[in-house]
1. Accessible area per residue of the range 29-154 at 1.4 Å probe, in Å²?
2. Just list whichever of K228/K317; K300/K331; K35/K79; K149/K300; K149/K216; K42/K79 have alpha carbons separated by over 24 Å in the model shown.
3. Under 19 Å from the Cα of K64, which aspartates and glutamates turn up, not counting those fewer than eight places away in the same chain?
4. How far apart, in nanometres, would the label points at R129 and A175 be if each is projected 7 angstrom from Cα along the Cα-to-Cβ direction?
5. Taking the range 241-292, which trypsin sites (Lys or Arg not before Pro) meet the DSSP loop condition and have no more than 15 other C-beta atoms within 10 Å?
6. Got a sec? What order do M303, M122 fall in by accessible area at 1.4 Å, biggest, i.e. largest, first?
7. Order K228, K144, most accessible first, counting only protein heavy atoms with a 1.4 angstrom probe.
Amino acid sequence: MDQITQYKAPKEVTRSAARPSAQGNSAGSAAWFLKLTGPAEKVGEHYEAFVRLMSRFRVDDTGKPSWEAPEGWVEVPPKDLDPALANARYATLRLKDSEPPLDITVTTLPSPDPTAEQYIQMNVNRWRRQLQMEPLEGDDWLAKARETKELALFAANDGFVAFANLKGKGEDGAAVQTLAAIIPYVPGGVGASEPTSSAPPSSPMPPKSPAGPGLKYATPEGWTETRKPLASVAFTRTEGDQSFDVTVIRLGGGGGLLPNVNRWRGQIGLEAIQEDALKTTPVPVGELTGQLIDLQNGDKALMTVVIPQGDAQWFVKLMGSNELAQKERDKFLEFAKSIRFE
């Protein structure tokens, strides 16, 4: 694996008058897209940088995005782009001194349900066609995409990111690679966006009901149940100026453990690690065994119990003030152990 690049401090994105608005975000749910396309050998060199950008991309409650630009990449002012490109993109990150230019584009589009399996499929097939590849069809399209490692779903931002890694050909027959991410934005919690009626029951996307069918658990004393985008169940706990949130999210497959751990580490300002530094603690959950990842950085804490269930994974995650999190660590573990899938 390539050495992980060091990155600059998070940059708050401010929209200039010339930048397209985050259309759809003020009125309803939307999808954000990150995309890097170019010669396969060039794109491959920047795989780690793209993944790091994707994992730290954030959309706040008002629909405003923020991100960390990888080292060596700079934002191109809209005035320096072709007007058609400037109008279509929210932002453009360009690799310094690249010729021809190598760009990561940031765009957004409104969507009734950006978490729907069909929506993911439609966009993956759109990118495949751009690379002279046949679209993925049939009920098993997702399984095929995972088998070929063209698509992965990663837990991130109390939701998920759909990550596509496609290799095809350009119009001139040269090898071209596309790295692309779909980051759903659902304002107002899981109830803000109803699932599409055509969504298949085998959809790997997170359940839409408040607790998810067959999900049982014991609520710890002092925790207040709330709603979070894409979470099957969510809680908040506040004591003075300390607080944390707990979410339970189901993902089909859910991606490998190390990529998810590195995304969680990034969320509290820790650097990524290699496989040999990964430490977990087994947690019994009924007849299943979960793995606890316990992360701390100053006043921030993030604990996650990853529970495999068939071809899916459940992520029981606590994130917030470290002092309160350590005080209620046992409660969190007992909550995770109480979960049953019936």
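The values are calculated or read from the model by the stated rules, or taken from the named source; none is laboratory data. Predicted, not measured: the structure shown is a model, and the values here were computed from it. Methodologically, a virtual Cβ is constructed for each residue, glycine included, from the backbone with ideal geometry; neighbour enumeration extends over all protein chains shown. To get the accessible areas, we keep the full protein, side chains included, count just its heavy atoms, and leave off ligands, DNA and RNA. Shrake-Rupley method; radii C 1.70, N 1.55, O 1.52, S 1.80 Å.
1. Numbers: 5770 Å² over 126 residues.
Result: 46 Å² per residue.
2. Working: K228/K317 12 Å; K300/K331 18 Å; K35/K79 21 Å; K149/K300 33 Å; K149/K216 33 Å; K42/K79 26 Å.
With Cα atoms farther than 24 Å apart: K149/K300; K149/K216; K42/K79.
3. Straight-distance partners of K64: E12, E75, D113, D158.
4. Roughly 2.7 nm, to one decimal.
5. K279
6. From most accessible down to least: M122, M303.
7. K144, K228
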